[in-house]
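Enquirer: I have a structure here, written as structure tokens, and I will follow up with some questions on it.
The values are calculated or read from the model by the stated rules, or taken from the named source; none is laboratory data. This is a predicted model, so every value here is computed, not measured. FYI the Cβ positions are ideal-geometry reconstructions off the backbone, even for glycines, and counts take in every protein chain you see.
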């Protein structure tokens, strides 16, 4: 990201966080949608980068909660 670039007009995705009670504790589900709004020339890279980033973040959550 370049702080000098105004990204406010660029298409965005929507990230939803869902918490569900389970017999084992709580399940966190993260769903990111809206990739169809990303320009075709950037879509595959955006999906790949976001998928990788969410994998890292989910591991951070897992470590934080001790699971």
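Enquirer: Looking only at segment 28-41, count every residue that is within 16 Å of the chain's Cα centre (by Cα) and in a helix (DSSP H, G or I) and tell me the total. Working first, answer last.
Expert: Initially, segment 28-41 is screened for residues within 16 Å of the chain's Cα centre (by Cα), giving 28-38.
Now drop any that are not in a helix (DSSP H, G or I), which leaves 35-37.
Looking only at that region, the number is 3.
Enquirer: Considering only residues of segment 11-27 that are modelled with pLDDT of 95 or more and either part of a helix (DSSP H, G or I) or touching a helix residue (DSSP H, G or I) at 6+ places or on another chain (Cβ under 9 Å) (or both), which is nearest to residue 48 (Cα to Cα)?
Expert: Only one residue fits best here, namely 13.
Enquirer: So the check is Cβ under 7 Å with 6+ separation or different chains; which pairs have a first residue in segment 45-65 that's more than 16 Å from residue 16 (Cα to Cα) and a second one that's assigned to a helix (DSSP H, G or I) and modelled with pLDDT of 95 or more?
Expert: The qualifying pairs are 46/35.
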